[in-house]
Amino acid sequence: SKAYALLREALAKSKKIGIAKITIRSKERLAAVRVIDNHLVLETLHFPDEVRSTVDLPQINNVKLTAKEKEIALSLIEQLTAEFDPTKYHDEYRERLEKLIKSKIPKNAEQPSNVINLMDAMEKSIASIKEQKKRA
């Protein structure tokens, strides 16, 4: 908890975001870590080669639509409109994966006792970054 609280405070005070590479379902993604309402939030981003120009998309401007077709389409949208309830949606893949992982953990598994000193870890990280910048 302390590491996350420290990251949250440092990002908020510096008014910056963190950029990270993460892996989701065997695919590497870019992500932004930022502070929203005093919480750390991770948002996935796109790599430049994943962003497509709209120039290459097929045009649908010359399609003739009747007034009746438009009216029916709007009516259908109105009939299907409801308040968004995110609790209706579940990540079934994640739920199955969590269940599988929990089934693999031995019932009497010991908790790891290796506690990392946060200050030591940050000092080593800063020294490593300084060394990399000197070499660049």
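Taking every residue in the stretch 90-101 that is under 15 Å from residue 24 (Cβ atoms) and pairing it with any residue that is surrounded by 10 or more Cβ atoms within 10 Å (Cβ to Cβ) and not charged (D, E, K, R), at least 6 positions away or on another chain, yields no pair with a Cβ-Cβ distance below 8 Å. If you scan the stretch 84-97, which residues turn out to be in a loop (DSSP other than H, G, I, E, B) and open to solvent by 100 Å² or more (accessible area, probe 1.4 Å)? Residues satisfying the conditions are 84, 89, 90. So how many residues does the stretch 10-39 have that are within 26 Å of residue 96 (Cα to Cα) and assigned to a strand (DSSP E or B)? So the answer is 9. Exactly one residue out of 115, 55, 63 is at pLDDT below 90, assigned to a helix (DSSP H, G or I) and either open to solvent by 100 Å² or more (accessible area, probe 1.4 Å) or out of contact with any Gly (no Cβ under 6 Å at 6 or more places or on another chain) (or both): that is 55.
Taken together, the residues in the stretch 68-83 that are of a type in the set (S, T, N, Q), open to solvent by 100 Å² or more (accessible area, probe 1.4 Å) and assigned to a loop (DSSP other than H, G, I, E, B) amount to 0.
Any chance the stretch 4-20 includes a residue that's open to solvent by 100 Å² or more (accessible area, probe 1.4 Å), on the phi > 0 side of the Ramachandran plot and among the charged types (D, E, K, R)? Yes, the stretch 4-20 contains a residue that is open to solvent by 100 Å² or more (accessible area, probe 1.4 Å), on the phi > 0 side of the Ramachandran plot and among the charged types (D, E, K, R).
Scanning the stretch 118-136 for residues that are at pLDDT below 85 and open to solvent by 100 Å² or more (accessible area, probe 1.4 Å) turns up 119, 136. Return yes or no: is residue 100 surrounded by 10 or more Cβ atoms within 10 Å (Cβ to Cβ), modelled with pLDDT of 90 or more and assigned to a helix (DSSP H, G or I)? No, not satisfied. All of 44, 23 fail the test of being among the polar types (S, T, N, Q) and free of Cβ contacts under 8 Å to residues at least 12 places away in the same chain, apart from 23.
The values are calculated or read from the model by the stated rules, or taken from the named source; none is laboratory data. Quantities reported herein were computed from a predicted structural model and do not represent experimental measurements. Cβ coordinates were reconstructed from backbone atoms using ideal geometry, including for glycine residues, and neighbour counts include every protein chain displayed. These area figures cover heavy atoms from the full protein model, side chains too; ligands, DNA and RNA do not enter into them. Shrake-Rupley method; radii C 1.70, N 1.55, O 1.52, S 1.80 Å.
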